[in-house]
Amino acid sequence: MDLNRSNILQCVPRRPDLKLVDLGCDDGVWTMQLAAQAGTTNVWGVEIVPERAAAAEQRGVRVARSDLAKPLPFADGSFDLLHANQVIEHVPDIDLFVSEIARVLRPRGRAILSTENGSSWVNIGASVLGWQIFSLTNVSAKRLGIGNPFALHRGERGDLPSWTHKTIFNFRGLKELCESYGLVDARILGAGYFPLPARLGTIDPRHAHFITLTASKQ
């Protein structure tokens, strides 16, 4: 995960006048790291969990307490940079989510989306065995780790239905979806290559466990 975050930071332009929004900003710790990388203090976030939103606000993030299953509470063309790390796999309406990303970005604004990769070798291996792929084991809040005996948190109960995984993308699928909504000139970085060293994912992003896409609005 540290290598994945390093990939994300590589995609952040350094612009003090940049207006940044972090979708699913949690407690704001990572959001403020993104802001520091950009050199900006104009930092916004969206977070649905009240205590997490409050923590982010204390760190200087202007938080909209909103559900990412609904339209974003911002005007058209509000932001220069939009970031969402490990979020797109949780939203119930992919088309709404990506269309809203395109709507709130300014022309030539940049989106950075990071998620798990359905084509990672560990997911391919699980599929060959007839198991649920690792990235889709947490599909139910009633019981985590469904369908895979080596899944993290197997047998535990989930905290919130909004944290379950709904859609897992592959390398090409994520790129083509974004292109469909006018997010072009995509570049995808990879991280994680279990059971081999994580850095191999930077060489072969198509089979890395995490993929980070950066694309610009037309």
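The values are calculated or read from the model by the stated rules, or taken from the named source; none is laboratory data. In this text, all values refer to a predicted model and were calculated from it rather than measured experimentally. Don't worry about glycine lacking a Cβ; one is built from the backbone with ideal geometry, like all the others, and counts go over all protein chains shown.
For segment 133-182, how many residues meet the condition of being of a type in the set (Gly, Ala, Ser) and either on the phi > 0 side of the Ramachandran plot or not in a helix (DSSP H, G or I) (or both)?
8
Only residues that are surrounded by fewer than 24 Cβ atoms within 10 Å (Cβ to Cβ) and either among the polar types (S, T, N, Q) or within 12 Å of Val63 (Cα to Cα) (or both): list them for segment 21-45, please.
Gly24, Asp26, Asp27, Gln33, Gln37, Thr40, Thr41, Asn42, Trp44
Which members of segment 42-52 meet the condition of being without any contact (Cβ under 8 Å) to a residue 24 or more places away in the chain and under 27 Å from Pro16 (Cβ atoms)?
Within segment 42-52, Val43, Glu47 meet the criteria.
Any residue at all in segment 181-195 that is of a type outside the set (Phe, Trp, Tyr), without any contact (Cβ under 8 Å) to a residue 24 or more places away in the chain and not assigned by TED's automatic domain parsing to the domain that holds Gln132?
We begin by selecting, within segment 181-195, every residue of a type outside the set (Phe, Trp, Tyr); these are 182-192, 195.
Still in the list and also without any contact (Cβ under 8 Å) to a residue 24 or more places away in the chain: none.
Taking every residue of segment 181-195 in turn, none turns out to be of a type outside the set (Phe, Trp, Tyr), without any contact (Cβ under 8 Å) to a residue 24 or more places away in the chain and not assigned by TED's automatic domain parsing to the domain that holds Gln132.
Could you grab me the full set of residues in segment 33-89 that are within 17 Å of Arg106 (Cβ to Cβ), in a loop (DSSP other than H, G, I, E, B) and of a type in the set (Gly, Ala, Ser)?
Answer for segment 33-89, where residues must be within 17 Å of Arg106 (Cβ to Cβ), in a loop (DSSP other than H, G, I, E, B) and of a type in the set (Gly, Ala, Ser): Ala75, Gly77, Ser78.
Quick one: is Ile124 farther than 20 Å from Thr164 by Cβ, touching a Cys at 6+ places or on another chain (Cβ under 8 Å) and modelled with pLDDT of 95 or more? Don't jump to the end; show me each part of the working.
On the way: farther than 20 Å from Thr164 by Cβ: yes; touching a Cys at 6+ places or on another chain (Cβ under 8 Å): no; modelled with pLDDT of 95 or more: yes.
Taking the combined requirement at face value, the residue does not satisfy it.
Is there a residue in segment 69-78 that is of a type in the set (Asp, Glu) and free of Cβ contacts under 8 Å to residues at least 60 places away in the same chain?
At the first step, the residues of segment 69-78 found to be of a type in the set (Asp, Glu) are 76.
If we keep only those that are free of Cβ contacts under 8 Å to residues at least 60 places away in the same chain too, we end up with 76.
Looking for residues that are of a type in the set (Asp, Glu) and free of Cβ contacts under 8 Å to residues at least 60 places away in the same chain, one finds at least one in segment 69-78, hence yes.
Out of (1) at pLDDT 95 or above; (2) in a loop (DSSP other than H, G, I, E, B); (3) of a type in the set (S, T, N, Q), what's the single condition that is false for Ser114?
It fails just one condition, (2).
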